[in-house]
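Encoded as structure tokens, the structure appears first; notes follow it.
The values are calculated or read from the model by the stated rules, or taken from the named source; none is laboratory data. Keep in mind it's a predicted model, so treat the numbers as computed, not measured. Here Cβ is always computed from backbone atoms with ideal geometry, including for glycine, and neighbour counts include all displayed protein chains.
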Amino acid sequence: MKNAMNLFQEPPKTAELRQRLQAFMNEHILPNEAQVAREAAAQGSFGPEGWGHCPTVERLKALARAQGLWNLFLPHSPRVPEGLSNFEYAPLCEVMGRVHWASEVFNCAAPDTGNMETLDRYATEAQKDRWLEPLLRGEIRSAFLMTEPEVASSDATNIQCEIRREGDEYVINGRKWWSTGAGSQHCALFIVMGKSNPEAARHQQQSMILVPADSPGVKVERALSVFGFNHAPHGHMEVSLTDVRVPVAHLLLGEGRGFEIAQGRLGPGRIHHCMRSIGAAERAFELMCQRLASRHAFGRAVAEQGVWHERIAEARCLIEQARLLTLKAAWMMDTVGNKAAQAEIAMIKIVAPSMACKVIDWAIQAHGGGGVSEDFPLAFSYADQRTLRLADGPDEVHRQALAKLELLRLGLRHKPVHTPITRGC
């Protein structure tokens, strides 16, 4: 019980940062939401040079860094002494999640957060100096190339991208898609997962390697839209790698250790995604209630209709349940480690995006035709959350993993359980 009670005591450090972060959101993020949407829309079609950055976001980045609201996510790193634990960071991540681009302003956006954690945990000092430091300064962006169009990437052992050693170089051939962030002109680094030894044991066949985005043979083929949204200026891209050559020193950790790296990378990222989902749901809930209270139909406020009483009450319950479960998972990751928190991590990935989709859907319904338009943030938010039911592993894979863990816990299963490694943003 004593440990459980810790979940209800917000760390003083978090409380102070959350107040400052919320003030920044109110003063700088929310008032600029429409302007950033216009700047992103002005990017137009994806071209050979990629999308540029939104000037407003760049301006706000400098302001956030000057206020010390920067690189909050990376715990236990000598290069980021201000980094918070998962439990400390989770409430801040929720605040950022209320606006889909806000986390970038604080240098806390996916996929860079996961890539920075990967570099901090697994890269050599030389690799960190070249790639991690400019990422921490916000000078470059990065992408994570894992999912492939030709195979069921919900099982990462299916990956076919070839990483073949030739002398002092690795030669890479393959095609990736849903490579989030690869559309930016400022994307300088790809972390690529591929198969380096098809003859090895199933989970030792894969490796991860650092590929400069401007390497000969790298081509960003096209942008992939999500329900019609292109997510400029970073986007989700299809990337081909044709006889791409990089030095042997660009390999992360060692041959055959890609699966191990992916397990370490995706755990914290799932916490971040889920807390942002809760933030998105909270904002949709508030917009829903405001709309219901301001609209009248059949002689009374829509908020007074019985069906909406039920939905308001259920939405509040669903949000609170998801938040508590996510905080528990974050706390366990900090105290007993990612492996011991496997079940909780799987649960939040199942629960949080589905909850957000339901709450946002009700908010859309409350707004009528306006809900599916771009006059409100709900349509984009729904597309974002619906995508998250696939990113970092589809619901079905996490349900399967959770069921196996429960059977093992009850002594009804004896085989080892592997954390599912699937597409990561």
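Surrounded by 21 or more Cβ atoms within 10 Å (Cβ to Cβ) and either in the same structural domain as ALA297 (by TED's automatic domain parsing) or modelled with pLDDT under 95 (or both), is that true of GLN385?
yes
Among the candidates ARG130, ARG121, single out the residue that is outside any loop (DSSP other than H, G, I, E, B), surrounded by fewer than 23 Cβ atoms within 10 Å (Cβ to Cβ) and at pLDDT below 95.
Among ARG130, ARG121, only ARG121 is outside any loop (DSSP other than H, G, I, E, B), surrounded by fewer than 23 Cβ atoms within 10 Å (Cβ to Cβ) and at pLDDT below 95.
Would you be able to tell me the number of residues in region 309-324 that are in contact (Cβ under 8 Å) with a residue 24 or more places away in the chain and surrounded by fewer than 19 Cβ atoms within 10 Å (Cβ to Cβ)?
Number satisfying all stated conditions: 4.
Within region 181-188, identify whether any single residue is in a strand (DSSP E or B), within 30 Å of ALA64 (Cα to Cα) and in contact (Cβ under 8 Å) with a residue 60 or more places away in the chain, and answer yes or no.
So far as region 181-188 goes, yes, one or more of its residues are in a strand (DSSP E or B), within 30 Å of ALA64 (Cα to Cα) and in contact (Cβ under 8 Å) with a residue 60 or more places away in the chain.
Does ALA363 satisfy the criteria of being touching a Leu at 6+ places or on another chain (Cβ under 8 Å) and modelled with pLDDT of 95 or more?
yes
Tell me which residues, restricted to region 189-222, are more than 18 Å from ALA232 (Cβ to Cβ), in a strand (DSSP E or B) and aliphatic (A, V, I, L, M).
Those that are more than 18 Å from ALA232 (Cβ to Cβ), in a strand (DSSP E or B) and aliphatic (A, V, I, L, M): LEU189, ILE191, VAL192, MET193, MET208, ILE209, LEU210, VAL211, VAL218.
How many residues are assigned to a loop (DSSP other than H, G, I, E, B) and more than 17 Å from ALA156 (Cβ to Cβ) if we restrict to region 393-415?
Summing the residues that are assigned to a loop (DSSP other than H, G, I, E, B) and more than 17 Å from ALA156 (Cβ to Cβ) in region 393-415 gives 6.
Can you name the residue in region 137-160 that is among the hydrophobic types (A, V, I, L, M, F, W, C) and crowded, with 21+ Cβ neighbours inside 10 Å and is also farthest from ASN71 (Cα to Cα) among such residues?
Per the criteria, the residue is ILE159.
Suppose we keep only residues that are of a type in the set (A, V, I, L, M) and under 15 Å from HIS100 (Cβ atoms) within region 364-382. Which one would you say is surrounded by the most Cβ atoms within 10 Å (Cβ to Cβ)?
Among those residues, the one meeting the criterion is LEU378.
If I filter region 166-177 for residues that are part of a loop (DSSP other than H, G, I, E, B), out of contact with any Phe, Trp or Tyr (no Cβ under 6 Å at 6 or more places or on another chain), surrounded by 14 or more Cβ atoms within 10 Å (Cβ to Cβ) and among the β-branched types (Val, Ile, Thr), do I get at least one hit?
No, every residue in region 166-177 fails to be part of a loop (DSSP other than H, G, I, E, B), out of contact with any Phe, Trp or Tyr (no Cβ under 6 Å at 6 or more places or on another chain), surrounded by 14 or more Cβ atoms within 10 Å (Cβ to Cβ) and among the β-branched types (Val, Ile, Thr).
Each row is one residue, and each column tells you yes or no for (1) surrounded by 21 or more Cβ atoms within 10 Å (Cβ to Cβ); (2) within 16 Å of TRP51 (Cα to Cα); (3) not assigned by TED's automatic domain parsing to the domain that holds ALA110.
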{"residue": "SER184", "(1), (2), (3)": "yes, yes, yes"}
{"residue": "ALA188", "(1), (2), (3)": "no, yes, yes"}
{"residue": "VAL192", "(1), (2), (3)": "yes, no, yes"}
{"residue": "ASN197", "(1), (2), (3)": "no, no, yes"}
{"residue": "GLN206", "(1), (2), (3)": "yes, no, yes"}
{"residue": "PHE229", "(1), (2), (3)": "no, yes, yes"}
{"residue": "LEU241", "(1), (2), (3)": "yes, no, yes"}
{"residue": "ARG265", "(1), (2), (3)": "yes, no, yes"}
{"residue": "PRO268", "(1), (2), (3)": "yes, no, yes"}
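Would you point out the residue of region 151-166, among those that are out of contact with any helix residue (DSSP H, G or I) (no Cβ under 9 Å at 6 or more places or on another chain) and modelled with pLDDT of 90 or more, that is farthest from PRO247 (Cα to Cα)?
ASN158
Count, please, the residues in region 244-275 that happen to be out of contact with any strand residue (DSSP E or B) (no Cβ under 7 Å at 6 or more places or on another chain) and among the basic types (Lys, Arg).
Residues meeting the conditions: 2.
Counting only residues that are without any contact (Cβ under 8 Å) to a residue 60 or more places away in the chain and either outside any helix (DSSP H, G or I) or over 20 Å from ARG386 (Cα atoms) (or both), how many does region 340-353 have?
The total comes to 2.
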